[in-house]
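Undergrad: Sharing a structure with you now.
The values are calculated or read from the model by the stated rules, or taken from the named source; none is laboratory data. Remember, predicted model here, so these are calculated numbers, not experimental data. Here Cβ is always computed from backbone atoms with ideal geometry, including for glycine, and neighbour counts include all displayed protein chains.
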Amino acid sequence: MTDVSRRVDTDRGFRSVAGRFATGVAVATARGTDGPVGMTVNSFTTVSLDPRMLLICLRHDCRLLGTVRRTGRFAITVLADDQRDEAAWFASRGRPAGTEGFAGIPHDRERTTGCPLLTDGVAYFGCEAVRTDPAGDHMVLMGVVRSSGLLRPKPPLLFVDGHYARVADGVRA
Ligand SMILES: Cc1cc2nc3c(=O)[nH]c(=O)nc-3n(C[C@H](O)[C@H](O)[C@H](O)COP(=O)(O)O)c2cc1C
């Protein structure tokens, strides 16, 4: 058998290997006493159907994690392919916290958690945080889904090889 594999042992190499796994893009949100918090994530995955559970992996120092630990709730909005600006905004380090961080971005309160959902997204989940587990430089945040629903009938935004991308085959809306 021909060995076509190329071994990669550096951190940069690991990122480029991992980047071959195409993901969707979501904004995870929470609402604390100092207002709404949101950040872009692509570590989202569904975990269980019964009960309905999902997880995201968060850096220890991100602002969202502290708010979720205090409130026990969070929401996820899956972004549409025309929401690259929103994805970039919620991933930019210096953006303001609280209401100002959501200025100009259509959003509403998710009904079971009260956390913001981005109404221009394609789907959302409202979650109760049930556990956080340390995993290296991240924390795994696990949630039980209390509500979920569809938003705009648009294709989802993709992220692959460090870039945003579109679904080439289109999707059923
Ligand atoms: C496409 C994309 C996906 C991301 N996914 C994650 C993720 O899953 N977990 C994470 O901790 N940071 C992720 N980030 C980085 C955070 O969005 C970014 O560090 C953000 O500024 C953190 O929020 P904070 O500044 O309020 O702490 C991602 C960034 C991009 C562009």
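Residue by residue, here is whether (1) at pLDDT below 95; (2) of a type in the set (Ser, Thr, Tyr); (3) within 12 Å of the ligand (Cβ to nearest atom) holds:
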residue	(1), (2), (3)
72	no, no, no
76	no, no, yes
99	no, yes, no
106	no, no, no
124	no, yes, no
128	no, no, no
131	no, no, no
150	no, no, no
154	no, no, no
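Undergrad: If residue 95 satisfies every condition in (1) more than 15 Å from the ligand (Cβ to nearest atom); (2) touching a Phe, Trp or Tyr at 6+ places or on another chain (Cβ under 7 Å) but one, which is the exception?
TA: Tallying (1) more than 15 Å from the ligand (Cβ to nearest atom); (2) touching a Phe, Trp or Tyr at 6+ places or on another chain (Cβ under 7 Å), residue 95 fails exactly one: (1).
Undergrad: Something else about it: Filter the strands (runs of 3 or more DSSP E) completely within segment 92-173 down to those with at least 2 residues that are among the hydrophobic types (A, V, I, L, M, F, W, C) and within 14 Å of the chain's Cα centre (by Cα).
TA: 116-118, 123-135, 138-150, 158-160
Undergrad: So is residue 13 of a type in the set (Gly, Ala, Ser), more than 17 Å from residue 88 (Cβ to Cβ) and surrounded by 15 or more Cβ atoms within 10 Å (Cβ to Cβ) or not?
TA: No, not satisfied.
Undergrad: So residue 157 fits all but one of (1) among the aliphatic types (A, V, I, L, M); (2) touching a residue at least 60 places away in the same chain (Cβ under 8 Å); (3) surrounded by fewer than 14 Cβ atoms within 10 Å (Cβ to Cβ); (4) within 16 Å of residue 77 (Cα to Cα); what number is the exception?
TA: Result: residue 157 passes all but (3).
Undergrad: I've got another one for you. Filtering segment 59-102 down to residues that are in contact (Cβ under 8 Å) with a residue 40 or more places away in the chain and of a type in the set (Val, Ile, Thr), which residue is surrounded by the fewest Cβ atoms within 10 Å (Cβ to Cβ)?
TA: Filtering segment 59-102 for residues that are in contact (Cβ under 8 Å) with a residue 40 or more places away in the chain and of a type in the set (Val, Ile, Thr), the one surrounded by the fewest Cβ atoms within 10 Å (Cβ to Cβ) comes out as 99.
Undergrad: For segment 111-154, how many residues are without any contact (Cβ under 8 Å) to a residue 40 or more places away in the chain and farther than 20 Å from residue 57 by Cβ?
TA: Total meeting the criteria: 8.
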